[in-house]
1. Sort out which residues of region 267-289 are assigned to a loop (DSSP other than H, G, I, E, B) and buried (at least 18 other Cβ atoms within 10 Å of the Cβ), and write them in order of number.
2. Would you pick out the residues in region 375-388 that are at pLDDT 95 or above and not aliphatic (A, V, I, L, M)?
3. If you scan region 132-171, which residues turn out to be crowded, with 18+ Cβ neighbours inside 10 Å and assigned to a helix (DSSP H, G or I)?
4. Given the residues A315, A263, A299, which is the only one that is at pLDDT below 95, surrounded by fewer than 21 Cβ atoms within 10 Å (Cβ to Cβ) and either of a type in the set (A, V, I, L, M) or touching an Asp or Glu at 6+ places or on another chain (Cβ under 7 Å) (or both)?
5. Hey, can you tell me all the residues within region 309-329 that are assigned to a loop (DSSP other than H, G, I, E, B) and out of contact with any Phe, Trp or Tyr (no Cβ under 9 Å at 6 or more places or on another chain)?
6. In this structure, is V292 within 29 Å of the chain's Cα centre (by Cα) and assigned to a loop (DSSP other than H, G, I, E, B)?
7. For region 351-362, check the following and say yes or no: at least one residue is surrounded by fewer than 15 Cβ atoms within 10 Å (Cβ to Cβ), among the basic types (K, R) and not assigned by TED's automatic domain parsing to the domain that holds G224.
8. Condition first: assigned to a loop (DSSP other than H, G, I, E, B) and either under 15 Å from the mean Cα position of the chain (by Cα) or under 12 Å from P149 (Cβ atoms) (or both). Now tell me which residues in region 116-131 satisfy that.
Amino acid sequence: MASKILPSAPSLIRNPRLRTQCLRQVSRRTAPAFVQQRYISAYGYEQAKALTFSQYGEPPEVLSLHTHSISPPHGSLMTIRFLASPINPADINQIQGVYPSKPTFTTSLGTANPIAVAGNEGVAEIISLGEQVKKEGFKKGDWVFMKAPGFGTWRTHASATVDQVVKLDEQMREGITAIQAGTVSINPCTAYQMLKGFAELKEGDWFIQNGANSGVGRAAIQLGKKWGYKSINVIRSRDDKAAEEKLKQSLKDIGADVVITDAELQSQGIKDMSKEWTNGGREPIRLALNCVNGKAATAMAKLLASSAHFVTYGAMSKQPLTIPASMLIFKDVHFHGFWVSKWAEKNPEDKKAAVAEVLEMTRKGEFKDMPVDEIKWEWETKGEELISKVKDTLEGYREGKGVFVFGKT
């Protein structure tokens, strides 16, 4: 793909005659109707924009839209153009400086002081590549996602190396949209590994989870249904009971067996209800998935069978997880923590297999996307518009997952 010229590009041309020729070419193409266009550079530099921050803090206060140029790739480098990048809670936490995985602060984007690019998940297309990358089996037009967090995906273009990306094979891409590919590597993979990696669930076994309406929760419901597991799903109580019932039904529509609120979970009759769901208690609940913590999480743990597994992957309530000693001593419940980034870094092939299975289910109509709020990102899109969308996610003003969808960048 041809590259675009930066306003500062003439300074890159040392030959005055070539510089004059380049400027004349730009001038001839600059008609009033096309003042916003990006122009082709014969020198291979790609013009890019990125949402960046130089210090930790609340996203609206520290994020800014930064424009820079990317040199032509050579050797083991490739230039990629992003297609879709979601806004995940972990991205917000990383900007705030409270997430374990830290971003990469660098001056390589043309700034005097180090800056980092926000975002951890997304899918991109290779638009140019060095000879060594070609020898590794990559080609122009391939789709890739990031191998580890901290790369920075809220940007139009980036320079990357082979060891920073995972290629989606042609068969994995078939029938898959950019949004589907760009949102598959975190939430579905989290659900996939938690269902597979802790308790040896068999067809007909039960698991229980809170945060059931989240991306991970919806993925767990659908994966569990595919594998023959039964699920009890806990959602947050709502003042609008009609909306609450609509949400419950939407989760049942994608495979949830039981959907209850956190208030129902903590009610006195929950044990009797649990027995009713599980054939008089003869079908044990062997696994719990927790992203909330607090009293509701403890109530969920009390429904587990002896020697069951309780996996924590989040703390949305910002409350501690309290574990009664009796669960450890007499019921032998095993408590675990799970962080998908660390798992993926240690097990890249397992992650790739999880992605492949979820995309195959998506292709067959067995895995439905969670609701998405598409945030259009064109070259002319202002930084304030993009940052306001991040702020909306931070404040909860969104019905679906916010995803940057890149147009003509």
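1. T278 - this is the single residue of region 267-289 that is assigned to a loop (DSSP other than H, G, I, E, B) and buried (at least 18 other Cβ atoms within 10 Å of the Cβ).
2. If the condition is that a residue be at pLDDT 95 or above and not aliphatic (A, V, I, L, M), then K376, W377, E378, W379, E380, T381, K382, G383, E384, E385 are the ones that fit.
3. V133, V162 - these are the residues of region 132-171 that are crowded, with 18+ Cβ neighbours inside 10 Å and assigned to a helix (DSSP H, G or I).
4. On the way: A263 fails: at pLDDT below 95; A299 fails: at pLDDT below 95.
Checking each option against the conditions leaves just A315.
5. Those that are assigned to a loop (DSSP other than H, G, I, E, B) and out of contact with any Phe, Trp or Tyr (no Cβ under 9 Å at 6 or more places or on another chain): G314, A315, M316, S317, K318, Q319, P320, T322, P324.
6. Numbers: within 29 Å of the chain's Cα centre (by Cα): yes; assigned to a loop (DSSP other than H, G, I, E, B): yes.
Here the answer is yes, as V292 does meet what is asked.
7. No, the conditions are met nowhere in region 351-362.
8. Result: A118, G119, N120, E121, G122.
The values are calculated or read from the model by the stated rules, or taken from the named source; none is laboratory data. Here the structure is a predicted model, which is why all the values come from computation and not from measurement. Don't worry about glycine lacking a Cβ; one is built from the backbone with ideal geometry, like all the others, and counts go over all protein chains shown.
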